[in-house]
Structures are given as structure tokens and as C-alpha cells.
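Student: If you scroll down you'll find the structure; I have some questions about it.
The values are calculated or read from the model by the stated rules, or taken from the named source; none is laboratory data. On a predicted model such as this, the values are computed, not experimentally measured, just so you know. Cβ: placed from backbone, ideal geometry, glycine included. Neighbour counts: every protein chain shown.
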Amino acid sequence: MSEWREICLPISAENIAELRAGDKLLLNGTIYAARDAAHKRFIDALDREEKLPIDLSGAVIYYMGPSPTRPGEIIGSCGPTTSARMDRYTPRLLDEGLRVMMGKGDRSPQVVDSIKKHKGVYLITIGGAGALLSLKVKSCEAVAYPDLGAEAVLKIEIQDFPAVVAVDSQGNDLCKIGPAQYRAMDKETK
């Protein structure tokens, strides 16, 4: 079992190149929560040749399922949402400098190819544990598209936020590797 590796954000291209599918990470620094509606606005802005409200180079975009923040709390439950919903936008954002995305679930072959082409990485975190993940958040503020309400772009400071490399910069895909390893192990035990 591999050890947890601490990663300071923003992550460098060199650090991204060292990561491998299956590596366990503890993230520290700034991430940006952005979902479907914000992604559509990003693409619309790029189509109009406008500057994006956040700098994608070095940024981590977290596909976070929002929930209301209770009084006295920094953030509500902040678990991942299904990443595949952003697949139609991701190659374009990778073309624009994005290198790190985080959510849950697998990605399309086109997105995996684009991650490999741009030497990026896709991380997954624990679905169903959003309340526990919220304990890793140190601050949170809306930084773009506040009219989207729960889908506004949020700047979130995190400490020891757990994630696993699902797709590495070489295109190795844990969502394909893991099941294949399980099937091989299952055949050996029969």
C-alpha cells in the first residue's frame, strides 16, 4: 500500500509528471470549484475571446456538488460530483492551460487523450463523504458568476484534502486499470 504524498498547490508541471495512476495525495493550497454552468460560461467567454475569471494555468478545478453552508460553517458538504458531465468542456479548457481536475467517476476516452496530450492529471476524491471533506476546507469565497448561486465558481483553501490520481499525464487510467487487476485476481482465486 503506497503512502500518502503531500502536494502543495499550485502543482508544478514537474510534480504532475511524477504522479502515477493510483497515487494517494493530500492536497494543500487553493482549488476552484466549478460545475456544469460555470464550465459553459468559461467556454462561452473563450468563444468571445474574453479573459476567463480565473487563471487556468496551475489551477485545480474541483467538480464539487454544492450544499448549503450552515451558520458558523466555512462551507457545506463539499463532496465531488460526476466528472463526466464536464467532459464536453474539458478538452477546450486543457487547450487553454488547465492541467488538474478533480471529481468522481471515470472520464471519456477523448478526455483521457487530452489529459495525456497536455500532460495533465485527473484526480478523484471520496464520493459520499462530503461532510468529512468539508473539514479540510480552511476558507471559501465566490470569485466568479455569483448569479449562478450554488454553481458559482468558488475559491477554496484546503489542507490535507485527500485525492487519488485517476488519470496520470501518461494516460494511465485507474478506472480501467483497477477493474482489470480485480478481474485478474478474481480468476486466480477460482
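Student: I'm trying to understand the selection: among the residues of region 16-52, which are in a helix (DSSP H, G or I) and either in contact (Cβ under 8 Å) with a residue 12 or more places away in the chain or among the aliphatic types (A, V, I, L, M) (or both)?
Tutor: Start the filter on region 16-52 by keeping residues that are in a helix (DSSP H, G or I), which leaves 16-18, 36-47.
Correct list: Ile16, Ala17, Asp36, Ala37, Ala38, His39, Lys40, Arg41, Phe42, Ile43, Ala45, Leu46.
Student: Would you check if there is a residue in region 59-67 being surrounded by fewer than 22 Cβ atoms within 10 Å (Cβ to Cβ), in contact (Cβ under 8 Å) with a residue 24 or more places away in the chain and over 19 Å from Asp87 (Cβ atoms)?
Tutor: Scanning region 59-67, I find at least one residue that is surrounded by fewer than 22 Cβ atoms within 10 Å (Cβ to Cβ), in contact (Cβ under 8 Å) with a residue 24 or more places away in the chain and over 19 Å from Asp87 (Cβ atoms), so the answer is yes.
Student: Take Ala33 and tell me if it is crowded, with 18+ Cβ neighbours inside 10 Å and either modelled with pLDDT under 95 or basic (Lys, Arg) (or both).
Tutor: No; evaluated as a whole, the condition is false for this residue.
Student: Let me ask you something else. Considering only residues of region 151-163 that are crowded, with 19+ Cβ neighbours inside 10 Å and closer than 13 Å to Lys24 by Cβ, which is farthest from the chain's Cα centre (by Cα)?
Tutor: Here the residue is Phe161.
Student: Could we say that Asp87 is among the acidic types (Asp, Glu), under 25 Å from Gly130 (Cβ atoms) and modelled with pLDDT of 95 or more here?
Tutor: Working: among the acidic types (Asp, Glu): yes; under 25 Å from Gly130 (Cβ atoms): yes; modelled with pLDDT of 95 or more: yes.
Answer is yes for this residue.
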